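Trainee: Quick one: the structure is below, questions incoming.
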Amino acid sequence: MIDFGDGPEIATRVTWGDIFIGYYSTGIANIENFIAVPAEMRRMMHVVDFIRPLFRFAPVRQLARRGIKAGSTAEERAKTRVTVWGEVSDDQGQRAVALMHGPEAGVDWTSMTALAAIQKVLAGNVRPGFQSPSLAYGADFALECEGVTREDVR
C-alpha cells in the first residue's frame with residue numbers, strides 16, 4: 001500500500017530499467033519500483049508472468065501483438081497527471097518520503113526530459129561516458145520540465 005497523495009492504494013512491484021540506473025545515481029543497491037494499477041491490470045500482469053515462456057515462440061508473439069491497442073491521443077495525455085512516490089530509509093530507521101508530480105509519463109514527460117538533456121548537450125554541458133540524467137544534470141533535473149513539482153512528505 002502506497003499513499004500517492006490521495007490515500008493508500010495497492011501498488012504492484014515491477015521491473016524497470018530505472019532500478020539499474022537508480023543504483024548508479026544513488027549508490028542504493030536494493031531499489032524496488034512499484035506502480036498503482038487497476039485490479040484488472042494486476043490480474044493480467046500475473047497471467048503474463050505465468051505464460052511468459054510461451055512468448056519464446058514467434059506465432060504466440062504475433063498473436064499477442066494483435067491485441068495491443070494504439071497508444072493514447074494527445075488529448076488523453078493532456079488530461080493525465082502522474083505521481084511518483086519515493087521512500088528511502090537507512091540502517092538507523094530514518095526515513096524520507098517524497099512525491100513528484102508531472103504530466104503523462106510514457107510520452108510527454110519522457111520526451112520533455114530527453115529534449116531538455118539534448119538542449120544541455122548542444123549547449124556544451126556534457127561530460128563523456130555513461131551517466132544517468134541526475135548524475136549529469138543534478139538531482140533536481142526533472143523539476144526543470146514544465147508542470148513537474150516535488151513534494152517532500154517526510
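Computed from the coordinates by the stated procedures, all read-outs in this text should not be read as laboratory data. The structure presented is a predicted model; accordingly, all values stated were derived computationally and were not measured. Every residue, glycine as well, gets a Cβ built from its backbone with ideal geometry; the counts of neighbours run over all protein chains shown.
Trainee: Can you compute the charge dipole magnitude of the chain about its Cα centre, using +1 on each Lys and Arg Cβ and -1 on each Asp and Glu Cβ, nothing else charged? Give it in debye, rounded to the nearest 20.
Mentor: So the dipole magnitude of the chain works out to roughly 920 debye.
Trainee: Let me ask another. Once amide H atoms are placed 1.01 Å from N in the peptide plane, what residues at a sequence separation of 5 or more from THR80, or on another chain, have their amide H within under 5 Å of its amide H?
Mentor: Here GLU104 satisfy the definition.
Trainee: Still on this structure, I have one more. Over all directions, the average projected area of the alpha-carbon convex hull for segment 49-125 comes to how many nm²?
Mentor: About 10.4 nm², averaged over all directions.
Trainee: Against the longest alpha carbon principal axis of the chain, how many degrees, from 0 to 90 and to the nearest 10, is the axis of helix 110-122 turned?
Mentor: Approximately 40 degrees, to the nearest ten.
Trainee: Still on this structure, please answer the following. Starting from the Cα of ASP91, step 7 Å along the direction of its Cβ; do the same at THR149; then give the gap between the two resulting points in nm.
Mentor: Inter-label distance under the simple model: 3.8 nm.
Trainee: Given ILE19, GLY86, PRO8, which one lies farthest toward the positive end of the charge dipole of the chain, if we put +1 on the Cβ of every Lys and Arg and -1 on the Cβ of every Asp and Glu?
Mentor: Highest projection toward the positive end goes to ILE19.
Trainee: If you stretched the chain out fully between GLU9 and ARG42, how much longer would it get, using 0.36 nm times the residue separation minus the C-alpha to C-alpha distance?
Mentor: Gain on extension, GLU9 to ARG42, equals 10.6 nm.
Trainee: Could you state the angle between the C-alpha long axis of helix 17-26 and the longest principal axis of the C-alpha atoms of the chain, as a value from 0 to 90 degrees rounded to the nearest 10?
Mentor: Taking Cα atoms only, the helix is inclined about 20 degrees.
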